[in-house]
Amino acid sequence: MASFTLHGIPVSRGIAIGRAHLLTPAALDVKHYLVAEERVEAEVRRLQDAIAEVHRGLQALWTDLPKDAPTELGAFIDVHALILSDPMISEAPLDIIRGRHYNAEWALVTQIDELSAQFDEIEDPYLRERKADIQQVAERVLKVLMGSAQLAPAPLSEEEYQPQMIVVAHDISPADMLQFRDRSFIGFVTDVGGQNSHTAIVARSLDIPAAVGMSQASQLIEQDDWVVIDGDAGVVITNPSALVLEQYRERQAAQIRARKKLQKLKKTPAITRDGTQVALMANIELPDDCPGALEAGAEGVGLFRSEFLFMGRTGHAQKIPGEDEQFEQYRKAVLAMKGRPVTIRTLDIGADKPLDPTEHNALNPALGLRAIRYCLAEPQLFLTQLRAILRASAYGKVRILIPMLAHAFEIDQSLAMIEQAKAQLREAGHKYDPAVQVGAMIEIPAAALSLPMFVKRMNFLSIGTNDLIQYTLAIDRVDYEVAHLYDPLHPAVLQLIAMTISAGHKAGIDVAVCGEMAGDIKLTRLLLGMGLREFSMHPAQLLSVKQEILNSELARLTLQTRKILRSTEPAAIAEAVEQLQAI
Ligand code: PEP
Ligand code: MG
C-alpha cells in the first residue's frame, strides 16, 4: 500500500484516523447508515421485497404491451428481468447488508458501482453497454426502496459501531453531507470545494475533521486505505508508517483531552474580564441540531438554515415541504430551545445549495436568482414558508432573518409579504407572535454600504461574513482554485464589518455575526474589539470562543482594534490581529 501525503484546504478541525470509504456520485444520492444487528434481516427483506416488486412491475409491463409494440421493447423488458434475477443483483447486495450492515440502498449502489467498474474493463462494446441496463434496473429497485417505509436507523451498540470510515469523494453536496450523520463516518476528503462552501460548513457542524480541494484524492486513495486527516492543516496522509500514525494518535488524544476540559465552561456566562456580556448563539441546519446546541451552552439559535429542510428530499412524495410540514419542523426547533430565541432564516436556496441539483442552468449561480431573490420570484413558496415560521412563533421567541438583501424594495416587499402572511393566518384562525422581529443578513457589500436603508426598516442585523467576503473579494467560495484569495482580514472586509456593527449600535438595534468568522477563535478578539456582542456559530466551536471571551479585556481590545481598522497594510493587520491574542 502506497503511502503519500496530499495538501488541500482545511475545513473542519481535529484529527481523524480511519479506513477510506470511496464514494462515487451515484452512491451519494442515497441514504447511508449502518443497520443494527437485530434489524439486518428486516433490511434484507426490504431489499428482497423491492426486487420482487420490480419483477412484478416488469411482468405487468410485458402483459400490457400493445400488440403492435416494437419487438425491441419486449426484448428490453426481458433483459431487465434477466438482470434482476441474476445473483449479482438479487444476492450480492444482500450479502453486503449482512456482512457490512449497510442499509439496503447503500448496499445496492455499492454492488452496482463494483459491477460498473468491471464492465468498464470489458473490451466488447456490446457487453460494455449492458452497464447502462444494470444501472437502469438498479434505479428501478432504488425507486421502490425509497418509497418504501424506511427503517429508522436504530442506534448501533458499542460493539457494532465501526468508527473507522473516512469518506473520500470527488465532491459532496451539502444535502448529501447531512446523510453522513451516522457516527461511523469520522472524516471527509473531497477533490473540490472551498473553505466556506456549504459542504464544508456542514462538515464543521457535524464536528468531524475534513479537508477539501484535494484535487485528485478520490483517484489516488484506494478503498480501505488507511487515512489520516489533519483537519487543522488540510493535510491527508495515506497508509502512514507506524511512527507517523503514533504521532497523530498522540495529537488526537491531546485534542480530545483539551476539548473535555472546555466542557467545564458550559454553564459559565460569556463575560469579558472587564464585565461585558456577550451572547453566544448556535447555527443549525435541522431542528435535530438543537439538543447539541443546548448541550454546548448556546443561548439561542442565531441562524437556522431553513433551506436544509428543502434539499435532498429523495424519497419524499413532495419536492418541497408544505406549510404544515415546515411548521412542525420550526416548532420542533422552537420547543427544543425552551424559550430561547430561534432565528429562522428564510429559504437561502441557489448557488451551492440548489433546490434541484439536476437543474444547473444559472449562468453564474452565486450572482443569480438566490435566496430572497428566488423567494420574491416565487411568492407562493415564500408565503407558505412565512406562514409556517409565523405559526411556530406562537410557541416561543422566533426571529425571521432574510438573506441576500441589497435593495430597499426587496426589504419592503419582504416586510409586506410577512404582513400578508400574518393576515392569511388571522383569517385561518392561526396564532402567531404579532411582534415577531425581522432582521436582514448583511452579506452583500452594497448592503453594508447602505446601512441607513436597513436600520430604518429592520429590527436587527446579522452579518453573513461567508458571502460578504465572497462578494467583496469577487471570489467564489466554492471554487478551490481561488480559495487562497478568501481573506477575512482583507481591509475592505474589515471595514464593511466594522461599519455594520457600529451603524446597528448607533441605531439601537442588535447586530450579530453568523458567518464562519464568528466561530474562528483567531478572530474572536478582533470582533469583540469592533463592538460585536452577538456571535452565532456551530455549537462545536462555542466553548472555545467562550474561553477567548472570558480571557479578553475589552477596553484594551477596543483601542487596538481601532488602530487595526486604520491600517490598510495586510501584513500589518495580520500581525496586529495576532498580537490581540496576547491582550
Ligand atoms: C454567510 O453567508 O455568512 C451565512 C451565514 O450564510 P450562508 O453561509 O448559509 O450563505
Ligand atoms: Mg450567506
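Out of the residues in the range 461-486 meeting the condition of being in a loop (DSSP other than H, G, I, E, B) and small (Gly, Ala, Ser), tell me which one is farthest from the chain's Cα centre (by Cα).
ALA474
Can you spot a residue in the range 443-458 that is within 20 Å of the chain's Cα centre (by Cα), within 15 Å of ligand 1 (Cβ to nearest atom) and on the phi < 0 side of the Ramachandran plot?
yes
Might you let me know whether the range 399-410 holds any residue that is surrounded by fewer than 16 Cβ atoms within 10 Å (Cβ to Cβ), at pLDDT below 95, more than 16 Å from ligand 2 (Cβ to nearest atom) and of a type outside the set (S, T, N, Q)?
For the range 399-410, residues surrounded by fewer than 16 Cβ atoms within 10 Å (Cβ to Cβ), at pLDDT below 95, more than 16 Å from ligand 2 (Cβ to nearest atom) and of a type outside the set (S, T, N, Q): absent.
With respect to the numbered conditions (1) within 16 Å of ligand 1 (Cβ to nearest atom); (2) crowded, with 23+ Cβ neighbours inside 10 Å; (3) not in a loop (DSSP other than H, G, I, E, B), which one is the sole condition not fulfilled by ALA366?
(2)
From SER536, SER567, SER544, SER552, which residue is touching a strand residue (DSSP E or B) at 6+ places or on another chain (Cβ under 9 Å), touching a residue at least 12 places away in the same chain (Cβ under 8 Å) and among the small types (Gly, Ala, Ser)?
SER536
Report every pair of residues separated by at least 6 positions or lying on different chains whose Cβ atoms are under 9 Å apart, first residue within the range 293-314 and under 28 Å from LYS143 (Cβ atoms) and small (Gly, Ala, Ser), second modelled with pLDDT of 95 or more and within 13 Å of ligand 2 (Cβ to nearest atom).
Filtered contacts from the range 293-314: SER306/ARG345; SER306/THR346; SER306/LEU347; SER306/ASP348.
For the range 91-150: of the residues being hydrophobic (A, V, I, L, M, F, W, C) and free of Cβ contacts under 8 Å to residues at least 24 places away in the same chain, which is nearest to PHE185 (Cα to Cα)?
ILE96
Residue by residue, here is whether (1) at pLDDT 95 or above; (2) on the phi > 0 side of the Ramachandran plot holds:
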{"site": "GLY302", "(1), (2)": "yes, no"}
{"site": "ALA317", "(1), (2)": "no, no"}
{"site": "LEU335", "(1), (2)": "yes, no"}
{"site": "GLY339", "(1), (2)": "yes, yes"}
{"site": "ASP348", "(1), (2)": "yes, no"}
{"site": "THR358", "(1), (2)": "no, no"}
{"site": "PRO365", "(1), (2)": "no, no"}
{"site": "ILE372", "(1), (2)": "yes, no"}
{"site": "LEU376", "(1), (2)": "yes, no"}
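Inside the range 528-583, counting only helices (runs of 4 or more DSSP H) that do not spill past its ends, which hold 2 or more residues that are within 30 Å of VAL202 (Cβ to Cβ) and of a type in the set (Lys, Arg)?
In the range 528-583, no matching helices (runs of 4 or more DSSP H) lie anywhere.
Does at least one position in the range 122-134 carry a residue that is surrounded by fewer than 19 Cβ atoms within 10 Å (Cβ to Cβ), modelled with pLDDT under 80 and under 30 Å from ALA2 (Cα atoms)?
yes
Looking at the range 322-370 only, could you name the residues that are within 26 Å of HIS430 (Cβ to Cβ), within 16 Å of ligand 2 (Cβ to nearest atom) and in contact with an Asp or Glu (Cβ under 7 Å, 6 or more places away or on another chain)?
LEU347, ASP348, ILE349
Could you check the range 495-519 and list, in sequence order, the residues that are within 12 Å of ligand 1 (Cβ to nearest atom) and assigned to a helix (DSSP H, G or I)?
Of the residues in the range 495-519, the ones within 12 Å of ligand 1 (Cβ to nearest atom) are 497, 512-519.
Selection gives ILE497, GLU516, MET517, ALA518, GLY519.
Within the range 201-243, track down each residue that is farther than 12 Å from PHE4 by Cα and part of a helix (DSSP H, G or I).
Answer for the range 201-243, where residues must be farther than 12 Å from PHE4 by Cα and part of a helix (DSSP H, G or I): ILE201, VAL202, ALA203, ARG204, SER205, LEU206, SER218, GLN219, ALA242, LEU243.
Return a yes/no flag: does the range 340-350 have any residue that is touching a residue at least 60 places away in the same chain (Cβ under 8 Å) and within 27 Å of ILE583 (Cβ to Cβ).
For the range 340-350, residues touching a residue at least 60 places away in the same chain (Cβ under 8 Å) and within 27 Å of ILE583 (Cβ to Cβ): absent.
Among the candidates LEU286, LEU280, single out the residue that is surrounded by 14 or more Cβ atoms within 10 Å (Cβ to Cβ) and closer than 30 Å to THR558 by Cα. Working first, answer last.
Numbers: LEU286 fails: closer than 30 Å to THR558 by Cα.
After ruling out the rest, the residue left standing is LEU280.
Mind checking whether some residue in the range 487-494 is within 16 Å of ligand 2 (Cβ to nearest atom), in contact with a Lys or Arg (Cβ under 6 Å, 6 or more places away or on another chain), on the phi < 0 side of the Ramachandran plot and not in a helix (DSSP H, G or I)?
Taking every residue of the range 487-494 in turn, none turns out to be within 16 Å of ligand 2 (Cβ to nearest atom), in contact with a Lys or Arg (Cβ under 6 Å, 6 or more places away or on another chain), on the phi < 0 side of the Ramachandran plot and not in a helix (DSSP H, G or I).
Which residue pairs have Cβ atoms closer than 9 Å, lie 6 or more positions apart in sequence or on different chains, and pair a first residue in the range 464-484 that is closer than 18 Å to ALA448 by Cα and in the same structural domain as ILE372 (by TED's automatic domain parsing) with a second residue that is modelled with pLDDT of 95 or more and hydroxyl-bearing (Ser, Thr, Tyr)?
What qualifies is LEU468/THR500.
Which is assigned by TED's automatic domain parsing to the domain that holds GLU534, over 28 Å from ASP412 (Cβ atoms) and touching a Leu at 6+ places or on another chain (Cβ under 9 Å), of LEU461, LEU494?
On the way: LEU461 fails: over 28 Å from ASP412 (Cβ atoms).
Exactly one of LEU461, LEU494 is assigned by TED's automatic domain parsing to the domain that holds GLU534, over 28 Å from ASP412 (Cβ atoms) and touching a Leu at 6+ places or on another chain (Cβ under 9 Å), namely LEU494.
Hey, ALA492 hits all of (1) crowded, with 20+ Cβ neighbours inside 10 Å; (2) modelled with pLDDT of 95 or more but one; which does it fall short on?
The number of the failed condition is (1).
To keep it simple, each residue is scored yes or no on (1) surrounded by fewer than 20 Cβ atoms within 10 Å (Cβ to Cβ); (2) within 14 Å of ligand 2 (Cβ to nearest atom); (3) under 24 Å from LYS353 (Cα atoms).
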site	(1), (2), (3)
LEU449	yes, no, no
PHE454	no, no, no
SER462	no, yes, yes
TYR471	no, yes, yes
ALA474	yes, no, yes
ILE501	no, no, no
GLY504	no, no, no
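Name the residue, out of GLY439, GLY508, GLY515, GLY429, that is more than 28 Å from MET530 (Cα to Cα) and either within 16 Å of ligand 2 (Cβ to nearest atom) or surrounded by fewer than 16 Cβ atoms within 10 Å (Cβ to Cβ) (or both). Reasoning before the result, please.
Working: GLY439 fails: more than 28 Å from MET530 (Cα to Cα); GLY508 fails: more than 28 Å from MET530 (Cα to Cα); GLY515 fails: more than 28 Å from MET530 (Cα to Cα).
The unique qualifying residue is GLY429.
The values are calculated or read from the model by the stated rules, or taken from the named source; none is laboratory data. Predicted model, so just to flag it, every value in this text is computed and none were measured. FYI the Cβ positions are ideal-geometry reconstructions off the backbone, even for glycines, and counts take in every protein chain you see.
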